[in-house]
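Report on one structure; see the data block that follows.
The values are calculated or read from the model by the stated rules, or taken from the named source; none is laboratory data. No experiment lies behind these values; they were computed from the predicted model shown. FYI the Cβ positions are ideal-geometry reconstructions off the backbone, even for glycines, and counts take in every protein chain you see. Just the protein is used for accessible areas: all its heavy atoms, side chains included, with ligands, DNA and RNA removed. Shrake-Rupley method; radii C 1.70, N 1.55, O 1.52, S 1.80 Å.
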Amino acid sequence: MRQRKIQLILGVAILLSMRFLCTSADSANTPKVPNALTIVNNFTTPVLVEIWSGSKLAYNQGNVTGTDQKKIQTVVLVSNVAPGNTLDVVPPDGVKEMLVIFGTDQGVAGYIYLTDAKIADYVGTGTLTLEANGQTTFQ
Amino acid sequence: MFFCLFAASCTATNEPAGEPSAIKPPPLLLPDKQVIRVFAPVNLSTQAGIINFDFDSTMAPFSALMIFKTNPPTVSPGKDYLSDISSCWGGATNMTTHPWNNFQVVLDAAVSGVYVCDPLSPIAPLSNTLVRYTGSMTAGTYYWVILGYEADYRLTYSSPLYKFTR
């Protein structure tokens with residue numbers, strides 16, 4: 001009886017490990033390409049970055065307006081000194097429009113707005129750069 | 001959907017709702033005034049060459065762009081106007097004959113919309129004729145603000161004070 005139990009446990013263990021190998025092999029054959037958005041800070045100071053998804057997005061006096069707006073990146077500080085001046089973000093699948101809000105940390109005054117950039121036709125990858133003159137470019 | 005049974009509620013709920021950002025708008029230079037939004041040059045940026053001062057002053061019958069060098073203007077506690085504009089470098093306003101389209105003033109090398117400050121005239125502190133060009137904007141720290149006035153010249157609107165480096 002005890003021997004049959006051990007055989008049963010071994011059998012289940014073998015089946016489980018086979019399933020694991022199978023899944024790994026399937027993933028390797030069809031690797032998923034992740035979305036990738038890189039933010040580059042070439043501004044004069046460290047900046048705060050907050051990112052929203054949705055459509056018809058706009059920043060208006062502390063509020064983000066639009067349709068189905070959803071915060072996909074909470075505020076994070078990005079240095080203005082390389083190599084720490086980049087932020088890699090993985091937007092959720094299906095996101096086509098994003099609003100990137102740039103701010104500065106004013107201590108007791110809080111996080112204060114600098115500028116924003118809307119990425120309207122996002123196709124899964126790209127680099128958004130905040131230049132020293134405050135303009136943004138997306139490639 | 002529920003509210004669309006009633007036409008009035010339906011209209012209200014169809015308007016885009018705002019969600020709060022953790023990044024707040026910059027405080028106005030004159031905090032008790034209504035907001036004039038400004039866009040460029042971005043606060044704390046570095047500027048070279050031609051500068052486009054971008055804003056929206058459509059709500060104000062009269063407006064003024066004021067640019068200050070080195071020192072920001074002074075606002076006395078409890079007051080609602082600028083009490084010291086001695087560091088004024090230049091600006092423009094539709095209270096005189098300066099061109100004004102409510103959206104942009106260009107500081108250019110040849111055809112500029114920015115005029116010299118007149119320190120002897122605190123009531124109308126911008127020259128009618130003496131133009132500022134990029135060539136006279138030396139290296140340093142500058143501040144700029146847009147102020148808005150009612151038709152009876154009451155100061156009613158203010159933008160934040162933005163800083164840039166040349």
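Details
- Of the strands (runs of 3 or more DSSP E) contained entirely in the stretch B:110-166, those carrying at least 1 residues that are more than 15 Å from B:LEU29 (Cβ to Cβ) and aliphatic (A, V, I, L, M) fall at B:114-117, B:126-132.
- Residues satisfying the stated conditions in the stretch A:124-139, i.e. modelled with pLDDT under 95 and either of a type in the set (Asp, Glu) or in a loop (DSSP other than H, G, I, E, B) (or both): A:GLY124, A:GLN139
- Here B:THR13, B:THR93, B:THR58 are screened, and the one residue that is more than 14 Å from chain A (Cβ to nearest Cβ) and either buried (at least 20 other Cβ atoms within 10 Å of the Cβ) or modelled with pLDDT under 95 (or both) is B:THR93.
- Top-ranked residue of the stretch A:100-113 - restricted to ones that are within 16 Å of the chain's Cα centre (by Cα) and among the β-branched types (Val, Ile, Thr), ranked as nearest to the other protein chains (Cβ to nearest Cβ): A:ILE101
- All positions within the stretch B:116-133 that are open to solvent by less than 80 Å² (accessible area, probe 1.4 Å) and under 19 Å from the mean Cα position of the chain (by Cα): B:VAL116, B:CYS117, B:ASP118, B:ALA124, B:PRO125, B:LEU126, B:SER127, B:VAL131, B:ARG132
- Qualifying residue in the stretch B:63-81 (condition: farther than 17 Å from B:THR141 by Cβ, in a strand (DSSP E or B) and either in contact with an Asp or Glu (Cβ under 8 Å, 6 or more places away or on another chain) or open to solvent by 70 Å² or more (accessible area, probe 1.4 Å) (or both)): no
- The stretch A:114-138, subset polar (S, T, N, Q) and surrounded by 18 or more Cβ atoms within 10 Å (Cβ to Cβ), residue farthest from the other protein chains (Cβ to nearest Cβ): A:THR129
- 3 or more residues at pLDDT 95 or above, over 28 Å from B:ILE36 (Cβ atoms) and more than 9 Å from chain B (Cβ to nearest Cβ): qualifying strands (runs of 3 or more DSSP E) within the stretch A:43-99: A:63-78, A:86-89
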